[in-house]
């Protein structure tokens, strides 16, 4: 088994090789070879830890799943044609070009997942989450053993949750949805109808806006929750208490393009633990009307879901946002500040966890399976 220094050197070389093959030479077949090499190293590492066979088997299975997901990306990227258009865009390349680039960046990011898995589940030191060796047993107290067992139990519970969320079906759904997104231009225009704005203006007498935090159970929500470690990973805005006017930035449910869309609460019910929590914040009639006018302007100008912003923490255009970014900007536009944070770093649960002055008032919860 590699010692720690040898392992770190191999890891560094593998990452550099992946960057060189994918970004510089754009040779995905070489990148697959790097991914296979990382799989081999991680399997050897997993076999060397002091743990039960089922724990080792589970880690190895995770590494294999990651590798096969790389193969799936390889298949996807080879089905996207590359073409350079004569009418140059802002960056000089076509939509297909940027789709391929996004897939390559995803493939590069996947190289890091096995190392993240090992760091999370074995903490780079197999003694930390596993029982001590015979040499150490004489200097380990009962409390130490109890603590280690508790840590192992918590870690295995986390592994079970991750296994349920990082599944092939979720990844496949996300990857297949990528071509619908606009990475440098607005793809959603006018999805909110005159009927919607009639309902929104009808709510002006209610001097509140409603912030809806939800656990939708969608594929994207499941994957995001692995990294945020939060149950609730979507937030929406409504002008009325009954959520007739609920809107947010989302994928459009394969009905509308990704961007600013009206939502239906029943669409949030996609898993057994789906639920919705509704809060409200005080707002004047003039502020609320101003907010509705801003939404109307975005609807007319066009929008796109800021999927790149989830990774890069940037928005290429003003109306490119993700859900929590949108809600935060709408409140700030009307000079309602619940907390202060960079807008591209806002998480849905921040509206609850960072509301130190309790500006939000709890209204009700919808649990779809009780």
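Take the Cα of residue 231, step 7 Å toward its Cβ, do the same at residue 369, and the gap between the two points is 1.2 nm.
Between residue 284 and residue 116, 0.36 nm times their residue separation minus their Cα-Cα distance comes to what?
Here the answer is 55.8 nm.
Here the extension length gained between residue 195 and residue 68 equals 41.1 nm, from 0.36 nm per residue of separation less the Cα-Cα distance.
Here the gap between residue 270 and residue 242, fully extended at 0.36 nm per residue and compared with their Cα-Cα distance, gives a gain of 8.0 nm. For the range 311-340, the residues whose backbone nitrogen is under 11 Å from a point 7 Å from the Cα of residue 357, taken along Cα to Cβ, are 336-340.
For the range 194-367, what percent of Cα pairs sit more than 28 Å apart? So the portion of pairs separated by more than 28 Å is 15 percent. Ranked for footprinting exposure by Cβ neighbours inside 10 Å, fewest first, 356, 267 give 356, 267. Computed over the range 194-367, relative contact order equals 26 percent, with contacts defined as Cα pairs under 8 Å that lie 6+ residues apart. Taking other C-beta atoms within 10 angstrom as a stand-in for reagent exposure, 336, 16, 246 fall in the order 16, 336, 246, fewest first. Between residue 313 and residue 301, the modelled label-to-label distance comes to 2.4 nm, taking each label 7 Å out from Cα in the direction of the beta carbon. Fewest neighbouring Cβ atoms within 10 Å first, the residues 363, 323, 334 line up as 363, 334, 323.
Laboratory data are not the source of any read-out in this text; all were calculated from the coordinates shown. The shown structure was predicted, so the numbers you read here are calculated from the model rather than taken from an experiment. Cβ coordinates were reconstructed from backbone atoms using ideal geometry, including for glycine residues, and neighbour counts include every protein chain displayed.
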